[in-house]
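The values are calculated or read from the model by the stated rules, or taken from the named source; none is laboratory data. Computed from a predicted model, the values in this text were never measured in an experiment. Cβ placement follows ideal geometry from the backbone for every residue including glycine, while neighbour counts extend to all protein chains displayed. Each accessible area value is taken on the protein alone, full model and side chains, heavy atoms only, with ligands, DNA and RNA left out. Shrake-Rupley method; radii C 1.70, N 1.55, O 1.52, S 1.80 Å.
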Amino acid sequence: MRLCQRAVEIDPGLGLDPDGYEVNAAAARCYIAMRRYAEAIGCLEKAAAAIETDFWALGMVLQCYEAIGDVDGLRSAARRGLDRVENPVRDDPRYRALVERAERRLAG
């Protein structure tokens, strides 16, 4: 836990691309480990924007929005997650959890 605390205190990206996927995904993992979900959301949103075919970041951002009780953010992330899933991918078991989670949140 201390390693994560120190990592996120250091300048984001250490001079690398502050909007890059790897930097933001790593920072998000640290924030999530520290239960700092609002800060994780910012990193996850940047990671999701950096790689438009990524599903991990959107799946995690769904959970973070749910953890902080942000219904609008949750629905927005759920919609974006579903928008990324093309029909052939919807049946792929690798993405089943994201699809089901997003559909449940949009229905509720």
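General remarks:
Okay, residues lined up against (1) modelled with pLDDT under 90; (2) open to solvent by less than 60 Å² (accessible area, probe 1.4 Å):
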residue: L62; (1), (2): no, yes
residue: D70; (1), (2): no, yes
residue: G81; (1), (2): yes, yes
residue: P93; (1), (2): yes, no
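- Elements of the type helices (runs of 4 or more DSSP H) sitting completely within the stretch 19-76 and holding at least 2 residues that are in contact with a Phe, Trp or Tyr (Cβ under 8 Å, 6 or more places away or on another chain) and closer than 24 Å to G108 by Cα: these cover 37-50, 56-68.
- Close pairs (6 angstrom Cβ cut-off, 6 or more residues apart or separate chains): free of Cβ contacts under 8 Å to residues at least 24 places away in the same chain and within 16 Å of D83 (Cβ to Cβ) in the stretch 46-72, part of a helix (DSSP H, G or I) and open to solvent by less than 60 Å² (accessible area, probe 1.4 Å) anywhere: V61/I41; V61/L44; V61/A77
- Selection status of R79, in a helix (DSSP H, G or I) and over 15 Å from the mean Cα position of the chain (by Cα): no
- Residues (more than 16 Å from R79 (Cβ to Cβ) and either modelled with pLDDT of 90 or more or surrounded by 19 or more Cβ atoms within 10 Å (Cβ to Cβ) (or both)) located in the stretch 44-59: K46, A47, A50, I51, W56
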